[in-house]
1. Mean-square fluctuation check for the chain, GNM, Cα pairs under 10 Å: which of A145, A28, A127 is largest?
2. Need the list of lysines near K11 for cross-linking: C-alpha distance under 17 angstrom, and skip anything on the same chain fewer than eight residues off.
3. Hey, got the Cα dimensions of segment 62-113 along the principal axes, in Å, largest first?
4. Based on the mean of other Cβ atoms within 10 Å per residue, sort peptides 51-61, 12-22, 132-142 so the most packed one is first.
5. Would any residue of segment 121-158 have its amide N under 20 Å from a label point 7 Å out along Cα→Cβ of T71? List them or say none.
6. Would you please report the Å³ per residue occupied by the convex hull of the alpha carbon atoms in the chain?
7. Tell me the per residue accessible area of the chain using a 1.4 Å probe; a whole number in Å² is fine.
8. Once Rh is set to the Kirkwood radius over Cα pairs, what Stokes-Einstein translational diffusion coefficient, in µm²/s, holds for segment 1-83 at a temperature of 37 °C and a viscosity of 0.692 mPa s?
Amino acid sequence: MNVTIRPESIKDWQSIWRVNQAAFEGDAEANLVNALRDGGFVDVSIVAEVGGKVVGHILFSRITIETKSETIDALSLAPMAVMPSHQRQGLGTMLVESGLAACREQGQRIVVVLGHPEFYPRFGFSAALAQKLESPFGSGEAWMAMDLSEESLNGIEGRIEYSPPFMALE
Ligand SMILES: CC(C)(COP(=O)(O)OP(=O)(O)OC[C@H]1O[C@@H](n2cnc3c(N)ncnc32)[C@H](O)[C@@H]1OP(=O)(O)O)[C@@H](O)C(=O)NCCC(=O)NCCS
């Protein structure tokens, strides 16, 4: 399989919408991507291309952690999607790895995700690390965080403030 992993460009926008719509079997995540882009909240957006077609996508957008004493910048990994026809062939793994590398290059320190507990821990995400971060969207083993630099999350206890497009989700 000839795979290209690269940052999104304007000409990918329609394909990205279609990939999210197909993978999630609905419009909500696809529309969320557009709203995050329109609102200027996107930090990293990467596509996976196979045979010249976009079949996978991952997005990281800005959030904050509100502690008692400070506001800490962080990123939310969401959504990510691979076309059903191309799932379980390693594309999702390539997208996460490439996305995290881009986040690191930008000097980002913390990423959170609400997602499959059997998928994200292999990249370093941990539910234990997210335990003291309160999210409006969920908790438990699907709610995970990752420290991209040494111990940025040490002792951090606070509430995640998502951008308006997330808060507008049903
Ligand atoms: C989750 C998803 C992005 C993974 O992409 P992928 O290209 O299939 O991933 P990879 O081939 O690199 O890795 C496969 C792993 O993904 C996970 N996975 C794949 N499909 C899954 C599904 N339908 N449900 C739960 N986990 C799934 C499994 O942990 C699998 O690991 P295994 O093969 O060791 O069992 C893709 O399945 C997808 O788009 N799913 C629908 C949308 C979605 O759930 N997005 C993520 C929201 S958190």
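1. Per the Cα network of the chain with a 10 Å cutoff, A28 tops the list.
2. K53
3. Dimensions of segment 62-113 along the principal axes of its Cα atoms: 47, 21, 11 Å.
4. Working: 51-61: 21.3, 12-22: 18.2, 132-142: 14.3.
Put in order of decreasing packing, that is 51-61, 12-22, 132-142.
5. Inside the label zone: 133-137, 153, 156-158.
6. Given the Cα convex hull of the chain, per-residue volume reads 113 Å³.
7. Numbers: 8890 Å² over 170 residues.
On a per-residue basis, 52 Å².
8. So the translational diffusion coefficient is about 246 µm²/s.
The values are calculated or read from the model by the stated rules, or taken from the named source; none is laboratory data. Since the structure is predicted, the reported quantities are computational estimates derived from the model, not experimental observations. Glycine also receives a Cβ, built like all others from the backbone with ideal geometry; neighbour counts cover every protein chain displayed. Please note that ligands, DNA and RNA were not included when accessible areas were found on the heavy atoms of the full protein model with its side chains. Shrake-Rupley method; radii C 1.70, N 1.55, O 1.52, S 1.80 Å.
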